[in-house]
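To keep things clear, I will list the structure first and then write my remarks on it.
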Amino acid sequence: MHLTKDEEKILNSEKGEVMERLFRLLVRLGDIYGADRMIPVGSVQVAGVSYKSIGDPGKAFLEDIASKGVKVKVLTYLNPAGMDLENWEKLGFPRDFAKNQLRIIDAFKQMGIVITSTCTPYLAGNLPRFREHIAWSESSAVSFSNSVIGARTNREGGPSALAAAICGVTPNYGLHLWEKRQPAVKIKVDADLSFNSDFGALGYYVGKQVKNKIPYFTGIKNANTDQLKALGAAMAASGAVALYHVENLTPEADLVEKKGLETVSIGKKEIKDTYDKLNSGKNPDIVIFGCPHASLREISMIAERLEGKHLKKPVWVCTSRMVKEAAERMGYNEIIAKAGGSIVADTCMVVAPIEEMGYKTTGVNSGKAANYLPGFCKQEVCFANIDDLIGGQL
Ligand code: F3S
């Protein structure tokens, strides 16, 4: 890979030992994947934030880097942490867990990273532009930024994203290149998709079919950004899909090469079978919305349905701190709290230790959460649309 004179200096340790270590990681990645050079990134999103995921070794690694005084070069956000960073005590998060989580957050803060623990940075002040190169980590955020915004990112691991944040560059390979953004399979959809969970079911099914390839959808007549984020998140979870195109809806759909693609057809039956497959439990002891983190529109829909209700079971709505504040101003927080629910910021059902908090069966409307909860959190899952979750089972 071609390196500039300044980049050679970093490798020669002229900019400090930490910079050298992190830049070397980027060079190694670039060499493995055949990158020709480094490219500047506009923003970064770093995964590996929850104490549940990274444990003591991750905490020690981050505290070591922070102690050397290095700072990030570009706007950098965090993936969800393992708890609500402000309301953890009230929500029942274990004290020991909280202590460790707060040390991790403090290490990130010392590096100049914005303390916004969210998988929807684009809803919380970190919005890339079309064709901007970025280095993001969380799979649904990667999918949304590549597909719906048309920005360009590979799915970074925690360390490579941190390296990109501190060095301000990423190796030029994979989804940074136009030729690697071309679809490999056409998905013909013939089904009514009304609820966000329908898009989650579709995404889960397609992810399993295409596995890592780039799909080009036809037949999706309309979808708002919440539905596209549900679709992309589920596909990323079940099939590691980091980019998709939707005819007439996503910005690169008109530009990519569609001739001669193998076609997979999906109808009502496949969607219904996916709902059945993702349902492993009955009578959830908690319902959690907000995977990916809820938008203001999604929170308003939940508040509307909870108004005047008295819940017998807890309901969480996971979102970013910024969206939570906007929801508070609109009074949604109060409506949800009066019904017995909570808007939970900074974390989510998968990276929070919900199994340690005594929950065994979780209700979700997210295809991604339904995919991960059994493995990551030992949960049985009720996967359903918002109306069935709120109207039917609470
Ligand atoms: Fe976000 Fe957690 Fe879902 S990180 S996409 S809410 S599993």
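The values are calculated or read from the model by the stated rules, or taken from the named source; none is laboratory data. Predicted model, so just to flag it, every value in this text is computed and none were measured. So basically every Cβ, Gly included, is an ideal-geometry build from the backbone, and we count neighbours across all protein chains shown. Keep in mind that these areas ignore ligands, DNA and RNA; they rest on the heavy atoms of the full protein, side chains included. Shrake-Rupley method; radii C 1.70, N 1.55, O 1.52, S 1.80 Å.
Only DSSP H runs of four or more residues enter the estimate; each adds -39500 (n - 2.57), and after division by the residues of the chain the mean residue ellipticity at 222 nm equals -12000 deg cm²/dmol. Within straight-line reach of K180, meaning a Cα separation under 18 Å, sit the following aspartates and glutamates at least 8 residues removed in sequence or on another chain: D31, D36, E132, E156, E252, D254, E257, E262.
For the stretch 75-154, the mean projected area of the C-alpha convex hull, equal to one quarter of the hull surface, is 5.6 nm².
Between K9 and E356, the contour length at 0.36 nm per residue exceeds the alpha carbon distance by 120.1 nm. What do you get for trypsin sites (Lys or Arg not before Pro) in the stretch 269-334 restricted to DSSP loop and a cutoff of at most 11 other Cβ within 10 Å of the site's Cβ? In loop regions of the stretch 269-334 (DSSP not H, G, I, E or B), the sparsely surrounded trypsin sites (Lys or Arg not before Pro) are K282, K312. When a 1.4 Å probe is rolled over the protein heavy atoms, the share of accessible surface on the stretch 1-136 that falls to carbon and sulfur comes to 52 percent.
With Rh defined as the Kirkwood radius, the inverse of the mean 1/r over Cα pairs, the Rg/Rh of the stretch 1-108 is 1.06. The shape of the chain comes out oblate: with a ≥ b ≥ c from the C-alpha gyration tensor, a/c is at least 1.5 while a/b does not beat b/c. Evaluate the Debye formula for the stretch 263-342 with equal point scatterers sitting on the alpha carbons, no solvent, and hand back log10 of I(q)/I(0) at q = 0.20, 0.23 Å⁻¹, in q order, two decimals. So the normalised log intensities work out to -0.89, -1.02. Projected onto its three principal axes, the C-alpha set of the stretch 184-313 covers 55, 29, 24 Å, listed from the longest axis down. Solvent-accessible surface of the chain, taken per residue with a 1.4 Å probe and all protein chains present: 41 Å². Pairs from the list K208/K258; K338/K360; K90/K211; K52/K73 with a Cα-Cα gap above 29 Å: K90/K211. When +1 charges are put on Lys and Arg Cβ atoms and -1 charges on Asp and Glu Cβ atoms, the dipole computed for the chain relative to its Cα centre reaches about 280 debye.
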